[in-house]
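J.: Okay, handing you the structure first.
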């Protein structure tokens, strides 16, 4: 698969395509996202081991949503089988996916460790205050404004963002391109570097869409004056927005890499 250059404005199109394909199969994509969240929560109950397994599964999860989007483009219902599609490939690809998962888990663990070291006991103080449930807003404010907490969170978020770039396209390059795991990580990084304008527009468009949703929700809450009702409405809405984001991942891959003639990817028709 050959790397392609795309215009910066393509980033906004990927977001629109994500929403369009999600709306065409909203039940399927929302169900997949709920399944993913429930599985992650169950794994977290196992402590450190469960967290590491959840981290290692993330590359396969992103690929699963790409497979689901491809299924929807082929007018098929995106079902849970999308998450195990990669396991049906040959042994070489399964080993490559395993190496991607283990590498991602190790790298993400280092990112969280660095954030925890910088944040120090500020993270623990906030967690204890929230878990206690009796901390007043006045008592919580100095904990949240602790510089160590801000720097720890900033480094953690920056590390996660940086880590996402090599792993963004890598599972798809292994699955559809048959590339070794190291080569897939390299070309995924190169794809985003060469198309950084589209990546920036993509990220900003999602940020803007989320902010607009938040503003609309706040306005609606002020008009209705019933916070309990808003919670009931916001929860499914946030689930759908998150599912739409994952549905858009396939379009970033399909436009950044030219497929072989034997396996042309399905595409969303222009409106």
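The values are calculated or read from the model by the stated rules, or taken from the named source; none is laboratory data. Since the structure is predicted, the reported quantities are computational estimates derived from the model, not experimental observations. No Cβ is skipped: glycine too gets one built from the backbone with ideal geometry, and neighbour counts run over all protein chains shown.
J.: If I ask for residues that are under 10 Å from residue 243 (Cα atoms) and surrounded by fewer than 20 Cβ atoms within 10 Å (Cβ to Cβ), which ones from segment 28-48 would you list?
T.: 30, 31, 34
J.: Right, another one. Out of segment 20-35, which residues are within 17 Å of the chain's Cα centre (by Cα) and touching a residue at least 60 places away in the same chain (Cβ under 8 Å)?
T.: Listed by number, the residues that qualify are 21, 22, 29, 30, 32, 33, 34.
J.: With respect to residue 122, is the statement that it is more than 30 Å from residue 236 (Cα to Cα), modelled with pLDDT under 95 and more than 18 Å from the chain's Cα centre (by Cα) true?
T.: Judged against the criteria, residue 122 is a match.
J.: Taking residue 83 as the residue in question, decide whether it is at pLDDT 95 or above and either buried (at least 16 other Cβ atoms within 10 Å of the Cβ) or more than 30 Å from residue 23 (Cβ to Cβ) (or both).
T.: Against the criterion (at pLDDT 95 or above and either buried (at least 16 other Cβ atoms within 10 Å of the Cβ) or more than 30 Å from residue 23 (Cβ to Cβ) (or both)), residue 83 does not qualify.
J.: Quick check on segment 65-124: of everything there that is free of Cβ contacts under 8 Å to residues at least 12 places away in the same chain and not in a helix (DSSP H, G or I), which residue is farthest from residue 53 (Cα to Cα)?
T.: Here the answer is 75.
J.: Looking only at helices (runs of 4 or more DSSP H) that fall completely inside segment 136-212, which ones have 1 or more residues that are at pLDDT 95 or above and crowded, with 20+ Cβ neighbours inside 10 Å?
T.: 147-168, 170-177, 181-194
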